[in-house]
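Q: What follows is a single structure, and I will ask about it in a moment.
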Amino acid sequence: MIPSVNSTLSALQAYRKSMRVTAHNIANVNTEEFKKSRASLKEGVNGSVEVAVSKVYTPGHRYREFDGDQMVEKETSNVDLAEEIPDLIITRRTYQANLKVLQTRDKMLGTTLDILG
């Protein structure tokens, strides 16, 4: 496969995975004791993009409430929407930019073939 196309496709896959991680975090914002994950992107072999997903074990907000006749300590998730939403917007825009690169390359190749043909 052509190296530029390969790196663009791997970037699209990486950003898709990153969006899934962020969406999973957002979906579990109200789940007690849920621990968020982070997707880190890095350069791979031959210009590809690789994703490493890791859990973030910082504690959520702790509080006490009655459960029947007992006072129990509970913990909220450690997901902060003020972090997740901007991350999702940035990831979405970079996904769109990589998709546009692929579409432009396809259009250029088609134009070249039309000229030669």
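Q: Is it fair to say Val56 is aliphatic (A, V, I, L, M), more than 30 Å from Ser4 (Cα to Cα) and over 25 Å from the mean Cα position of the chain (by Cα)?
A: No: the conditions fail for Val56.
Q: Considering only the stretch 70-79, state which residues are of a type outside the set (Val, Ile, Thr), in a strand (DSSP E or B) and surrounded by 10 or more Cβ atoms within 10 Å (Cβ to Cβ).
A: Within the stretch 70-79, Lys74, Glu75 meet the criteria.
Q: Does the stretch 50-69 contain at least one residue that is in contact with a strand residue (DSSP E or B) (Cβ under 9 Å, 6 or more places away or on another chain), among the β-branched types (Val, Ile, Thr) and surrounded by 15 or more Cβ atoms within 10 Å (Cβ to Cβ)?
A: Checking the stretch 50-69: at least one residue is in contact with a strand residue (DSSP E or B) (Cβ under 9 Å, 6 or more places away or on another chain), among the β-branched types (Val, Ile, Thr) and surrounded by 15 or more Cβ atoms within 10 Å (Cβ to Cβ).
Q: Looking at the stretch 20-50 only, could you name the residues that are over 30 Å from Lys74 (Cβ atoms) and either in a helix (DSSP H, G or I) or in contact with a Gly (Cβ under 9 Å, 6 or more places away or on another chain) (or both)?
A: Once the filter is applied, which keeps residues that are over 30 Å from Lys74 (Cβ atoms) and either in a helix (DSSP H, G or I) or in contact with a Gly (Cβ under 9 Å, 6 or more places away or on another chain) (or both), the stretch 20-50 yields Val45, Asn46, Gly47, Glu50.
Each value in this text was obtained by applying a stated rule to the coordinates, not by laboratory testing. Please read these numbers as outputs of a predicted model, since none were measured by experiment. Neighbour counts run over all protein chains shown; Cβ positions are idealised from the backbone, glycine included.
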